[in-house]
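The values are calculated or read from the model by the stated rules, or taken from the named source; none is laboratory data. Just so it is clear, the model here is predicted, and its values are computed rather than measured. We place every Cβ from the backbone using ideal geometry, glycine too, and count neighbours over all the protein chains shown. Areas reflect the complete protein model, heavy atoms only, side chains present, ligands, DNA and RNA absent. Shrake-Rupley method; radii C 1.70, N 1.55, O 1.52, S 1.80 Å.
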Amino acid sequence: MVGFILTGHGQFAPGLASAIAMVAGDQPAFTVVPFEGDQAASYGEDLRAAITAMREECDGVLVFTDLLGGTPFNLSLIHISEPTRLRCIS
């Protein structure tokens, strides 16, 4: 199974996750890591923890971000450099 992490600025990720749940129901191996202004200091660790947990439970991980070159995308790339089955889609 492939795990999915959805992240992005502000309410992008929670909003899109809400729409997915409305159309397709709850999804296994799917998590949201929002990048909110008041949580910016802990965002890197939150993303790392989500990726680590997803790696342990799945054969591969896809990280979906909102903007190419934005903070969520850039921090996701740090984890892609580690030897693993992880890809980032922006």
Check: the chain dipole with +1 on Lys, Arg Cβ and -1 on Asp, Glu Cβ, in debye | 260 debye
Here the membrane-span-like helices of the chain, with no claim about any membrane, defined by DSSP H, Cα axial extent at least 15 Å and mean Kyte-Doolittle at least -1.0, are 12-24, 40-57
Residues whose placed amide H lies under 5 Å from that of PHE30, excluding near-sequence neighbours = PHE4
Quick one: accessible area per residue over segment 11-90, 1.4 Å probe, rounded to a whole number of Å²?
-> 59 Å²
May I ask for the percentage of alpha-carbon pairs in segment 46-90 that lie more than 11 Å from each other?
-> 63 percent
Tell me, what is a quarter of the convex hull surface for the C-alpha atoms of the chain, in nm² with one decimal?
-> 5.4 nm²
Summing -39500 (n - 2.57) over every DSSP H run of at least 4 residues in the chain and dividing by its residue count gives a helix-only mean residue ellipticity at 222 nm, to the nearest 500 deg cm²/dmol, of -14500 deg cm²/dmol
